[in-house]
Amino acid sequence: MLAFSSEIDRCYQLSGEEFISNYVNKSRPVIISGVIQNWNGFSKWSLPYFRTAAPNLKIYAKHFHDGQIKIENFTLQEYADILEKYEQGKNHNQPPYCHDLPLFSLIPSLVKDVQPFPLNYLPKWYAYKWWCYCQFFIGASQSFTPLHFDCLLTNNLFFQIVGRKLFTLLLSEDSQYCYRYNWRWFKVDPEQPDLQQYPLYKNARPMKVIVNPGEILYMPPGTLHHVRSLDTSISFNIDWHTEHSVLQGLAASLKGMPLKNVYYNFLLALGLIFKVPPQIVFRFYKSYLNYIS
Ligand SMILES: O=C(O)CCC(=O)C(=O)O
Ligand SMILES: [Fe+2]
């Protein structure tokens with residue numbers, strides 16, 4: 001079992017071998033700089049840029065409130081307009097958060113803005129259409145995602161492109177202090193923990209870290225995270241399994257993982273463990289693209 005560290009390592013230009021042996025295999029989070037700063041996305045990406053690329057694209061955005069998620073539908077044009085008005089101070093209501101959007105699949109031309117992609121951090125199996133496992137997070141300053149872990153118990157590489165985000169991370173062994181509900185969500189608010197209502201949280205060891213544009217955050221499977229945007233922000237992640245994590249993910253079927261998630265982990269196990277080619281597995285994986293968790 002991993003000894004707790006209150007500090008998260010920051011590494012410059014970590015090699016694939018170092019990343020896997022020091023962080024993935026030890027289930028330790030890390031922030032990596034010096035790998036993606038030359039991506040074209042850093043000079044190109046903004047809401048107006050996305051709006052121009054696909055003004056009529058249908059997207060959704062979420063309001064997180066008191067343990068409920070309310071989803072609203074927009075076109076990209078409408079959503080960009082709402083954010084623009086908010087930034088200009090013409091509208092004071094916090095805009096909903098465009099959260100978990102598979103934007104590379106919806107606007108494939110964006111993939112060329114994130115080259116070279118650090119495929120050396122992932123199992124080779126993901127080289128085929130890796131962008132289909134990515135989700136975007138686009139929103140105004142102060143948007144937030146409540147405390148949760150990622151639903152398939154995957155590894156997460158999180159790429160910060162525009163603006164900064166404040167992450168509060170808790171290692172999976174601390175989930176027992178955070179009051180879980182609905183498989184992957186937690187009742188404690190790590191920004192303002194209510195110790196009267198959630199007394200066990202006093203045993204938890206939250207780690208706070210700011211992720212800046214150009215940095216990558218690695219979160220091991222089952223890491224709890226609460227995320228607060230400090231600025232208008234554009235980020236995306238890639239959720240991915242190793243042979244080890246996919247087995248752990250399958251074992252979680254016995255611990256309440258929803259059946260839909262078990263199905264996706266089963267498909268990934270076919271690929272990663274039984275070496276079924278990604279071209280075949282991916283045919284069955286397609287609906288993941290619209291999977292709102
Ligand atoms: O950036 C956010 O608000 C949430 C990110 C997240 O939950 C994830 O990458 O899994
Ligand atoms: Fe997440």
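The values are calculated or read from the model by the stated rules, or taken from the named source; none is laboratory data. Please read all numbers here as calculations on a predicted model, not as lab measurements. Note that each Cβ is placed from the backbone with ideal geometry, even for glycine, and that neighbours are counted across all protein chains shown. Quick note on the areas: whole protein, heavy atoms, side chains included, nothing else; ligands and nucleic acids left out. Shrake-Rupley method; radii C 1.70, N 1.55, O 1.52, S 1.80 Å.
Assorted remarks:
- Note on LYS129: lysines with a C-alpha under 25 Å away, same-chain residues under 8 apart excluded, are LYS44, LYS58, LYS112, LYS260, LYS275, LYS286.
- Cα-based Rg of the chain normalised by 2.2 N^0.38 Å, two decimals: 0.97
- Nearest-20 debye value, the chain charge dipole, Cβ charges on Lys, Arg, Asp, Glu: 520 debye
- Sulfur and carbon atoms: percent of accessible area, the chain [1.4 Å]: 54 percent
- Expected 222 nm ellipticity per residue - DSSP helices of 4 or more, -39500 (n - 2.57), all of the chain, to 500: -5500 deg cm²/dmol
- Partner lysines for LYS202 [C-alpha distance under 24 Å; skip if fewer than 8 residues away on the same chain]: LYS187
- Per residue, the chain exposes 46 Å² of solvent-accessible protein surface, assessed with a 1.4 angstrom probe and all protein chains in place.
- Annotation: amide H of VAL276 within the under-5 Å range of GLY271, sequence separation 5 or more or interchain, hydrogens built in the peptide plane.
- Point-charge dipole on Cβ atoms (K/R +1, D/E -1) for region 6-157, about Cα centre, debye to 20: 280 debye
- Both radii were evaluated on the Cα set of region 1-86; the Rg over Rh quotient, with Rh as the Kirkwood radius, amounts to 1.15.
- Across LYS26/LYS62; LYS85/LYS165; LYS70/LYS90, pairs whose alpha-carbon gap is larger than 27 Å: LYS26/LYS62
- Here the translational diffusion coefficient of region 143-293 follows from Stokes-Einstein with Rh set to the Kirkwood radius across Cα pairs; for 4 °C and 1.567 mPa s it amounts to 79 µm²/s.
- Stokes-Einstein D (µm²/s) once Rh is taken as the Kirkwood radius of region 84-191 over alpha-carbon pairs, at 37 °C in 0.692 mPa s: 198 µm²/s
- For region 137-178, the alpha carbon convex hull comes to 98 Å³ per residue, rounded to a whole number.
- Order by protection proxy (mean Cβ within 10 Å, highest first), peptides 260-269, 129-138, 198-207: 129-138, 260-269, 198-207
- Plainly put, region 177-258 has a radius of gyration that is 0.99 times its Kirkwood radius, both from alpha-carbon atoms, as the Rg/Rh ratio.
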